[in-house]
1. Looking at (1) open to solvent by 60 Å² or more (accessible area, probe 1.4 Å); (2) hydrophobic (A, V, I, L, M, F, W, C); (3) more than 14 Å from the chain's Cα centre (by Cα), which is the one condition that is false for L158?
2. When the residues of the range 78-100 are filtered to those that are open to solvent by 30 Å² or more (accessible area, probe 1.4 Å) and either part of a loop (DSSP other than H, G, I, E, B) or aliphatic (A, V, I, L, M) (or both), which remaining residue is farthest from V38 (Cα to Cα)?
3. Return the total of residues in the range 57-77 being open to solvent by less than 60 Å² (accessible area, probe 1.4 Å), assigned to a loop (DSSP other than H, G, I, E, B) and touching an Asp or Glu at 6+ places or on another chain (Cβ under 8 Å).
4. Among the listed residues L54, L47, which satisfies the condition of being open to solvent by 40 Å² or more (accessible area, probe 1.4 Å) and not aromatic (F, W, Y)?
5. Filter the range 248-276 for residues that are touching a Leu at 6+ places or on another chain (Cβ under 8 Å) and in a helix (DSSP H, G or I); which is modelled with the lowest pLDDT?
6. Check Y147, Y114 and return the single one that is surrounded by 14 or more Cβ atoms within 10 Å (Cβ to Cβ) and closer than 30 Å to Y201 by Cα.
Amino acid sequence: VAIGIFDGVHAGHQQIISAAKLIGDVTVVTFDPHPRGVVGSNPPLALASLNFRLTLLERCGIDATLVLPFNKELAALSPDEFLKKVLVDHLHAKHVVVGDNFKFGFKAAGDTNYLSEFGKKNGFTTAVFERFSDGKEPWSSTRARNYIESGEVDKAALVLGRFPRLEGIVVHGDHRGRELGYPTANLETPVLMSVPEDGIYAGYLVRSKTNEVLPAAISIGTNPTFDGKEKRVEAYALDRTDLDLYGEQVSFDFVKQIRKTVKFDSVDALVSQMGRDVEETRRLTSHTYNG
């Protein structure tokens, strides 16, 4: 059993799971929503939706995932109660794998030493892994989140082991992109997700129902050239003016920030820059997609 929040299933999480697989069949125990949203007032912005997190865990080759709904009742369990209920009575764990910052039980009173001692008395062994690093600093959800929110999505991808992603339903926008020759799909504003800073990004639009992957120029911002007030996340699928995506579930995968969002003096200047953005997107997405 590997236990953790596994937000984003980043490179460090992947290494913990790989180590667990060397021991035997792996069940992952994770939590939703994030515990800090229940026991605190400031939950971290998520790196992946629950459905995408489950997909990422499945890609790691695990055998099963147990999602524990984190609520006040679960938060109130003592460390002993939590371990006995989940690991002993429900999962009959033989080996437990965690990161060195794993905490559990009421007011996070349990730590890895507590877990190890409990395991000795209740029939399972414990392996504790220090946070994996690229030699600079540990791979962590916080590090990935900081990169994303500063627009450094390419650096975030190194931590995540994949492109940063936003998911949602395509909704109606101002329909201005089609008038300018670049029709865009507007993503329903993601709630509690880690969103890149305002800017123009090279990336991909992935259609959930067909798994079609389309190179796309992605814009995040308020469209200041048109004095917009509402923040939009929208993507132009390169060379595709025939798409009708309204109401469809899609994902935006971010490869690299091309430039910051700026206000142009004229619509013509904006359109000229959009053409250059599209060509730079074409260059940056010309390699094989590995999202």
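The values are calculated or read from the model by the stated rules, or taken from the named source; none is laboratory data. This structure is a prediction, so every number in the text was calculated from the model and none was measured. Heads up, the Cβs are rebuilt from the backbone with ideal geometry, glycines too, and the neighbour counts pull from every protein chain shown. Each accessible area value is taken on the protein alone, full model and side chains, heavy atoms only, with ligands, DNA and RNA left out. Shrake-Rupley method; radii C 1.70, N 1.55, O 1.52, S 1.80 Å.
1. Result: L158 passes all but (3).
2. This residue is K94.
3. 1
4. Answer to the check: L54.
5. The extreme case among them is V267.
6. Y147
Conditions (1) open to solvent by 60 Å² or more (accessible area, probe 1.4 Å); (2) touching a residue at least 12 places away in the same chain (Cβ under 8 Å), marked per residue:
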position: A216; (1), (2): no, yes
position: A237; (1), (2): no, yes
position: G247; (1), (2): no, yes
position: S251; (1), (2): no, yes
position: I258; (1), (2): no, yes
position: D265; (1), (2): yes, no
position: L270; (1), (2): no, yes
position: V278; (1), (2): no, yes
position: N290; (1), (2): yes, yes
